[in-house]
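A.B. asks: My structure is below; once you've seen it, I'll send some questions.
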Amino acid sequence: PHLAALVLARGGSKGIPLKNIKLLAGVPLIGWVLRAAIDAGVFHSIWVSTDHDEIEKVAKQFGAQVHRRSPEVSQDSSTSLEAITEFLNHHHEVDIVGNIQATSPCLHPSDLIKVADLIQKEGFDSVFSVVRRHQFRWSEVKKGENKMTEPQNLNPAKRYRRQDWPGELYENGSFYFAKRHLIEKGYLQGGKMAYYEMRAEHSVDIDIDIDWPIAEQRVLSFGYFGKEPLKEVKLLVCSIDGCLTNGRIYVTEDHKEMVSYDYRDIVGIDLLKKRGIQVRLISDRDCSKTLSAMQLGCVAKVSVTNKLQVLKDWQEDMGLSWKEVAYLGNEESDVECLKQAGMSGVPADACAAAQKAAGYICRSRGGCGAVREFAEHIFLLLEKVNSARKQ
């Protein structure tokens, strides 16, 4: 049977405009679940259903196909079932739909693999995700009613300790898998049903109970970053023009060049060095005088015609794997380096080709704190590496 992953990503949002492609920990929100779906390797096709050009562009960058949904199923009042039904009407090859929520950025491929087995090998018609919660419920008393609240799942005279109570299962909205015949009858859950219990730390739903800064911390701690395990970064290579500086060159009347930089970026470089991470600089043009004036104490290569070759030479000389190399670039000349490095980033104002190749897009512009921000991102990921080692 043809199993298709389908992410519904409407352009309209009552809360956050274009939320589905808003950057979360440097990655568009929808990118987190698309990465997990692709790496799961269980889907015959992976789709994003959208009505918005920018969402379509991001979806394709992450390797998904796009179904352009009609205005009729793109309203605030439209249901997921209506959008999924429309998708099936246009894709008769699909037998099973795995509807994955874009707002669940801590989804892991291992969860999707196990669910695919439940529905393909064990014969379930529908499978949905749940999370276990230890919360006591009480009946609601509406304003003006002369009633007392009543306990719903506890005896107040004998309250459970958390370790003595298994808790209850709640839908967490991360995904809903269902066979075609069930959806055509108007159901996403039905027939022979099963739930799949996700780990609590992976159960993040931005739509319901979490704000953006908290979600970023959760994703950096528990998100899925790719098939290969993260390794400790030993080298950061940074493009000078447009990353360390804002790319502008001021020329005086006596033909001297001047550039500006942000002191926060200098602090970021110093912090990286204190963590034992080498920082090296690279540039297409000859900016040796500028570097000398900045007194950064970093190895630098200027007037470079092939940045990737220089990066490879440095990586080999230091005896590093690519997973131990980070790269911050902003131009088309940086694209191949961004693709090769184990950790890659670009400033917010980097060119489109560089943004597409990068794993992290800074909120800061070049020359305005992007190096410091990328350094902080590296530190957070190093914490994740150290945590995994301890486990």
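The values are calculated or read from the model by the stated rules, or taken from the named source; none is laboratory data. Because the structure is a prediction, the values reported are computed rather than measured. Accessible surface is based on the protein model in full, side chains and every heavy atom, while ligands, DNA and RNA are left aside. Shrake-Rupley method; radii C 1.70, N 1.55, O 1.52, S 1.80 Å.
A.B. asks: By how many degrees, between 0 and 90 and to the nearest 10, does the Cα long axis of helix 29-40 differ from the longest principal axis of the chain?
C.D. replies: On a 0 to 90 degree scale, this one is about 80.
A.B. asks: Continuing with the same structure: Hey, got the Cα dimensions of the stretch 245-288 along the principal axes, in Å, largest first?
C.D. replies: Here the spans come out as 42, 20, 14 Å, largest first.
A.B. asks: Follow-up. Once every DSSP H run of n ≥ 4 in the chain is given -39500 (n - 2.57) and the sum is divided by its residues, what mean residue ellipticity at 222 nm do you get, rounded to the nearest 500 deg cm²/dmol?
C.D. replies: Helix-only estimate at 222 nm: -9500 deg cm²/dmol.
A.B. asks: If amide hydrogens are placed 1.01 Å from N in the peptide plane, which non-local residues have theirs closer than 5 Å to the one on Ser344?
C.D. replies: Amide H to amide H, under 5 Å and 5 or more residues apart or across chains, Ser344 pairs with Tyr327, Gly359, Tyr360.
A.B. asks: I want to verify a result. In a Gaussian network model of the chain, Cα cutoff 10 Å, which of these has the top mean-square fluctuation: Gln295, Gln65, Gln189?
C.D. replies: So, out of Gln295, Gln65, Gln189, the one fluctuating most is Gln295.
A.B. asks: For helix 307-318, report the angle its Cα long axis makes with the longest principal axis of the Cα atoms of the chain; keep it between 0 and 90° and round to the nearest 10°.
C.D. replies: For helix 307-318, the angle is close to 90 degrees.
A.B. asks: Binning at 5 Å from 0, report for the stretch 3-222 what percent of all alpha-carbon pair distances ends up in each bin.
C.D. replies: Once binned at 5 Å, the Cα pair distances of the stretch 3-222 give 1, 7, 14, 17, 18, 15, 11, 8, 5, 3, 1, 0.
A.B. asks: By accessible area of protein heavy atoms, probe 1.4 Å, what ranking do Lys274, Lys384, Lys22, Lys356 get, highest first?
C.D. replies: Listed by decreasing accessible area, they come as Lys274, Lys356, Lys22, Lys384.
A.B. asks: Still on this structure: For the stretch 235-389, count all C-alpha to C-alpha pairs, find those more than 26 Å apart, and express that count as a whole percent of the total.
C.D. replies: Considering the stretch 235-389, 19 percent of its Cα-Cα pairs are separated by more than 26 Å.
A.B. asks: For the chain, set up a GNM with springs between Cα atoms under 10 Å and report which of Ile100, Ile113, Ile30 has the largest fluctuation.
C.D. replies: Maximum fluctuation in the GNM of the chain, among the listed residues, is at Ile113.
A.B. asks: Report, in whole Å, the centroid distance computed from the Cα atoms of the stretch 320-391 and the stretch 111-147.
C.D. replies: Each part's Cα centre sits 37 Å from the other's.
A.B. asks: May I ask for the angle, rounded to the nearest 10°, between helix 370-390 and the longest principal axis of the chain, with both axes built from Cα atoms and the value confined to 0 to 90°?
C.D. replies: 60 degrees
A.B. asks: Right, next: Taking every pair of Cα atoms in the chain, average 1/r, invert it to obtain the Kirkwood radius, and report Rg/Rh to two decimals.
C.D. replies: 1.06
A.B. asks: Taking θ = phi - 60°, what integer Hz values does the Karplus form 6.51 cos²θ - 1.76 cosθ + 1.60 yield along the stretch 231-237, in sequence order, with x for Gly and Pro?
C.D. replies: My calculation for the stretch 231-237 gives 10, 5, 6, 10, 9, 10, 10 Hz in order.
A.B. asks: Find, to one decimal place in angstroms, the Kirkwood hydrodynamic radius of the stretch 1-98, where the mean of 1/r is taken over every pair of different Cα atoms and then inverted.
C.D. replies: Its Kirkwood hydrodynamic radius stands at 13.7 Å.
A.B. asks: Compute, for Thr103, the solvent-accessible surface of its heavy atoms (probe 1.4 Å) with the complete set of protein chains present, and express it in square angstrom to the nearest 10.
C.D. replies: That residue has around 10 Å² of solvent-accessible surface.
A.B. asks: Let me ask something else about it. Which residue, Asn155, Asn330, Asn172, tops the fluctuation ranking in a GNM of the chain built on C-alpha contacts under 10 Å?
C.D. replies: Of Asn155, Asn330, Asn172, the Gaussian network model singles out Asn155 as fluctuating most.
A.B. asks: A further question follows. Whole number please: convex hull volume per residue of the Cα set in the stretch 45-120, in Å³?
C.D. replies: Each residue corresponds to 110 Å³ of Cα convex hull volume.
A.B. asks: Could you rank Glu54, Glu373, Glu232, Glu253 by how accessible they are, 1.4 Å probe, largest area first?
C.D. replies: The ranking, largest first, comes out as Glu253, Glu54, Glu232, Glu373.
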